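The structure under discussion appears below in the form of structure tokens.
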Amino acid sequence: MTREEVLTSIEANVENKNLVKHMLATEAIMRALARRLGEDEEEWGLTGLLHDIDVELTGGDMKTHSKLGADLAREMGTGEAVAHAILCHNEAHGIPRETKLDKALFCADPITGLITAAALVRPDKKLAGVEAKSVRKRFKEKSFAAGASREQIATCNELGLELDEFIELSLEAMKGIAEDLGL
Ligand SMILES: [Fe+2]
């Protein structure tokens, strides 16, 4: 299964452009994490790209969200590792995160929202001028982008990454696709 095919499937299943951007941002961070940790960049990227493909199909129902996504990933032939990471990124199922891939998706998912919000509060609404230290500051402001779970982001330490490094890596990854993100 190619990235192209995954994007076609996303187009067919996801109308919300911001959700697509969120998945692209997660993909970019997952690729950067894979490079940093010496893991399979293609596999990790596809996991990020696909992880929320079922959000509209499940109508945001947390009992089915990510179960359907994992099934769709399997049908596309991603393999069980990708399906498992997608499945357990929704804590509502109570399925433990076991692999590095599971853990990477779990912490990459919420940091996209924090970084996007850090760009959107700037007058130019662009990522280019956002610095890691300002994201770090925003991280400590609990009311800022409150939907981006700080606890979940902080699980980057389960991958052996300090929060500062994870913020920097994620910010650079998102800057690399700023145009696609419209930021
Ligand atoms: Fe997500």
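Sticking with the crude label model, points 7 Å out along Cα→Cβ, report the distance from Arg122 to Glu5 in nm, one decimal please.
3.8
In Å², what does the accessible area per residue of the chain work out to with a 1.4 Å probe?
Heavy-atom accessible area per residue stands at 49 Å².
For the chain, modelled as a GNM with alpha-carbon contacts under 10 angstrom, which of Ala28, Ala154, Ala128 fluctuates the most?
Answer for the Gaussian network model of the chain: Ala128.
Relative to the longest principal axis of the chain, what angle (0 to 90°, nearest 10) does the C-alpha long axis of helix 17-37 take?
Helix 17-37 sits roughly 90 degrees off the main axis of the chain.
Along the Cα-to-Cβ line of Asp180, 7 Å from the Cα, sits a label point; which residues in region 113-128 have backbone N less than 20 Å from it?
Within reach of a label on Asp180, which here means backbone N under 20 Å from a point 7 Å along Cα→Cβ, region 113-128 contributes 113-120, 126-128.
List, largest first, the extents of the alpha carbons of region 65-183 along their principal axes, each in whole Å.
That works out to 43, 27, 24 Å along the principal axes.
Suppose every K and R has +1 on its Cβ and every D and E has -1 on its Cβ; what is the size of the dipole of the chain about the Cα centre, in Debye to the nearest 20?
With Lys and Arg at +1 and Asp and Glu at -1, about 920 debye.
Eight or more residues apart or on different chains, and alpha-carbon atoms under 20 Å: count the Lys pairs in region 64-142 matching that.
6
The values are calculated or read from the model by the stated rules, or taken from the named source; none is laboratory data. The shown structure was predicted, so the numbers you read here are calculated from the model rather than taken from an experiment. Cβ sites come from the backbone with ideal geometry, for glycine too, and all protein chains shown count toward neighbours. Surface areas here come from the heavy atoms of the whole protein model, side chains and all, with no ligands, DNA or RNA. Shrake-Rupley method; radii C 1.70, N 1.55, O 1.52, S 1.80 Å.
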